[in-house]
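Down below is the structure, laid out as structure tokens.
The values are calculated or read from the model by the stated rules, or taken from the named source; none is laboratory data. As the structure is a prediction and not an experimental result, all values here were calculated from the model. All Cβ positions, glycine included, derive from the backbone under ideal geometry; neighbour counts span all protein chains shown.
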Amino acid sequence: MSFPGVMPRLELHYDKNNLQAREQYDRLKLFQCQAGEEPDLIVPIGGDGYMMHCIRRNWSRFTPFYGVNAGHAGHLLNDCATLDELFSSPLKLHSMTMLYCQAEKETPMGERVLLSELAFNDAWVERASGQTALIRILVNGEERIRRLRGDGALVSTAAGSTAYSKALGASPVPVGAPLIQVVGNNVVSPAEWRPAHLEQEDQVEFEVIDCVKRPCRCYVDSVDMGIVTRLMVRSSRIAGVTLAFSKSCDLQHKLYEMQFPNRL
């Protein structure tokens with residue numbers, strides 16, 4: 001993606017609670033598109049979490065996102081030092097599919113309610129009380145774990161593999177890799193279970209066992225869906241995101257740094 005002979009139209013968003021994000025916004029605001037204009041790029045300025053929230057609000061516009069790192073890790077963001085390349089070099093594009101998540105809740109009257117959400121990073125269930133969670137895990141309708149005992153379980157996209165999934169012990173994978181991850185949270189049993197990589201087309205279900213005594217909450221990209229009895233996750237058939245990166249942004253190098261930390 002390049003803009004030969006023209007300046008790209010940018011739609012800027014920045015984290016109002018981040019001073020560095022404001023500084024980078026001031027640096028770019030001359031290129032802010034006018035009201036009513038369609039931007040070439042949506043530019044979230046902040047941390048990885050801030051970009052995730054911008055994506056959730058704007059994915060349906062199908063405009064590439066060029067994230068600028070004004071946070072800490074910035075796994076999926078461009079460094080501030082490379083901003084000049086936005087106007088001088090072709091951009092690298094990575095497309096990825098979002099997750100379609102359907103949570104099932106039960107009302108006090110015993111009625112079943114279905115809620116749906118889209119996730120860029122991940123969706124998970126976790127215990128909502130002092131009791132250990134009991135979760136049945138199915139893949140494509142087939143039982144894979146009859147009774148997981150632990151704090152919860154998570155499904156992640158490749159993009160989300162550098163976030164909560166990594167904190168739970170899964171290995172990060174390249175952006176845009178056609179897979180999803182299934183990861184346990186503080187698993188007591190089965191003790192030998194480790195994070196699993198599944199095909200992007202696979203469907204995962206978490207069924208909460210004994211949900212009255214052992215209630216679980218559901219989160220989709222950190223959005224609280226409340227107490228649930230079941231969570232179904234699969235790749236969306238319509239929702240996708242394109243991320244844009246400067247020519248010098250080396251995503252593979254970032255991946256190596258995460259997998260082989262050299263700091264004691």
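Annotations
- Hits in the range 233-264 (condition: out of contact with any strand residue (DSSP E or B) (no Cβ under 8 Å at 6 or more places or on another chain), touching a residue at least 12 places away in the same chain (Cβ under 8 Å) and over 16 Å from residue 86 (Cβ atoms)): 252, 254, 255, 258, 259
- Test: residue 95 is in contact with a strand residue (DSSP E or B) (Cβ under 6 Å, 6 or more places away or on another chain), loosely packed, with under 13 Cβ neighbours inside 10 Å and touching a residue at least 12 places away in the same chain (Cβ under 8 Å): yes
- Pairs where the first residue, in the range 176-192, is on the phi > 0 side of the Ramachandran plot and the second is not aliphatic (A, V, I, L, M), C-beta under 6 Å, 6+ apart: 176/94; 186/150; 186/151
Yes/no per residue for (1) more than 21 Å from the chain's Cα centre (by Cα); (2) surrounded by 21 or more Cβ atoms within 10 Å (Cβ to Cβ); (3) at pLDDT 95 or above:
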{"site": "153", "(1), (2), (3)": "no, yes, yes"}
{"site": "157", "(1), (2), (3)": "no, yes, yes"}
{"site": "187", "(1), (2), (3)": "yes, yes, yes"}
{"site": "191", "(1), (2), (3)": "yes, no, no"}
{"site": "203", "(1), (2), (3)": "no, no, yes"}
{"site": "206", "(1), (2), (3)": "no, yes, yes"}
{"site": "217", "(1), (2), (3)": "no, no, yes"}
{"site": "220", "(1), (2), (3)": "no, yes, yes"}
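- Residue 148 meets the conditions (1) in contact with a strand residue (DSSP E or B) (Cβ under 8 Å, 6 or more places away or on another chain); (2) over 30 Å from residue 242 (Cα atoms); (3) in contact (Cβ under 8 Å) with a residue 24 or more places away in the chain; (4) surrounded by fewer than 18 Cβ atoms within 10 Å (Cβ to Cβ) in every case but one. The failed one is (4).
- In the range 156-202, the residue that is nearest to residue 75 (Cα to Cα) out of those that are assigned to a loop (DSSP other than H, G, I, E, B) and among the small types (Gly, Ala, Ser) is 163.
- Here residue 36 passes the criteria (1) crowded, with 21+ Cβ neighbours inside 10 Å; (2) not assigned by TED's automatic domain parsing to the domain that holds residue 220 except the one numbered (1).
- Hits in the range 26-54 - residues which are over 18 Å from residue 9 (Cα atoms) and not in a strand (DSSP E or B): 47, 48, 49, 50, 51, 52, 53
- Residue 224 passes every criterion in (1) closer than 22 Å to residue 155 by Cβ; (2) in contact (Cβ under 8 Å) with a residue 60 or more places away in the chain apart from (2).
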